[in-house]
Every structure is written in structure tokens, then in C-alpha cells.
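Have a look at the structure below, then the notes.
Each value in this text was obtained by applying a stated rule to the coordinates, not by laboratory testing. Note that the coordinates shown come from a computational prediction; the quantities given were computed from them, not determined experimentally. Every residue, glycine among them, receives a Cβ derived from its backbone with ideal geometry; neighbour counts consider all protein chains shown.
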Amino acid sequence: MTKNILFIVVFGSLLGCAHNSTQEKESALSLSEVVAIQVNKKLPKMIDDMTLNEKVTANKTDFVQHYKLVNIRKADLNLMSFVSELMDSNMKKDHCANEIAVMLHKNGVTQWVSYRDMNNDLIIKIKKDMSKC
């Protein structure tokens with residue numbers, strides 16, 4: 001139900017922008033920016049015992065989900081195993097089933113997932129690929 005409400009809010013906002021003048025259209029928020037504002041209202045949020053969904057950032061062409069592994073240092077992580085698990089389970093399931101991700105993709109927005117360790121060191125930033133669905 002929350003996804004449906006967000007979907008309605010996003011499209012309602014876009015429809016409202018469609019009636020603005022050319023100058024107002026240029027200053028209007030992009031679809032991905034509107035979605036990011038809505039998502040960030042619920043963040044930060046722990047999604048499991050070691051992963052914090054910190055925030056979402058967006059511009060007209062990119063949408064980035066930022067996660068932090070709260071009890072893990074990059075040096076202690078098996079990167080190949082982490083990436084393999086991320087690609088095989090979490091990202092594919094989430095991306096393919098998420099209506100908002102599909103909507104962003106259909107509107108030409110590139111989607112990314114960024115993971116940082118407990119010291120805020122970048123572990124990996126990877127592009128989500130709709131062809132995997």
C-alpha cells in the first residue's frame with residue numbers, strides 16, 4: 001500500500017508540473033528527485049542487523065541508494081563473496097519486484113547501489129541492471 005501511495009504522489013507531482021510554464025518546467029524537480037525526497041522521509045533505517053539504509057540521492061539521470069555496513073570494516077570483508085551475494089539475491093529480488101525501480105528505469109533513470117563500511121570507506125558502488133530481471 002505504501003508503494004501505491006508513493007506512486008500516486010510521484011505521478012500527481014509530475015502531472016502538476018506538466019501544466020507549468022517552460023521556465024517553471026526547467027526548475028521543476030525530476031522524477032528521480034521527487035522519488036528520493038519521498039524515500040528519504042523514511043530514512044535512515046536498519047534493514048537487518050548489520051545494514052543501514054542511510055539515504056537516497058538523485059538527479060535527473062541517476063538514483064543512488066546508500067547503505068552502510070555498521071559492524072564491518074572493508075578490510076575484513078570478502079569483496080568477491082559480498083558482491084556475488086548482493087547480485088544473486090538482494091539486488092535482483094529487490095530491483096525486479098520494486099515498482100518504483102521499474103518506473104524509474106522506464107523513465108531513463110540509471111540506478112545505483114552504494115555500500116560503505118563502518119568507517120564510511122566506500123566498499124562498492126554498482127549499477128542496477130534491469131536486464132537481470
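Multiplying the residue separation of Leu79 and Lys127 by 0.36 nm and subtracting their alpha-carbon distance yields 15.7 nm. Label separation (Asn71 vs Ile47): 1.8 nm, computed from points 7 Å beyond Cα along the C-beta direction.
Let me check I've understood the local charge: for Met46, count other residues with C-beta under 11 angstrom from its C-beta, Lys and Arg +1, Asp and Glu -1. What total comes out? Charge balance near Met46 sits at -1.
In order along the stretch 59-64, phi translates into HN-Hα couplings of 9, 5, 10, 10, 9, 10 Hz, rounded to whole numbers, per the Karplus curve 6.51 cos²θ - 1.76 cosθ + 1.60 with θ = phi - 60° and x for Gly and Pro.
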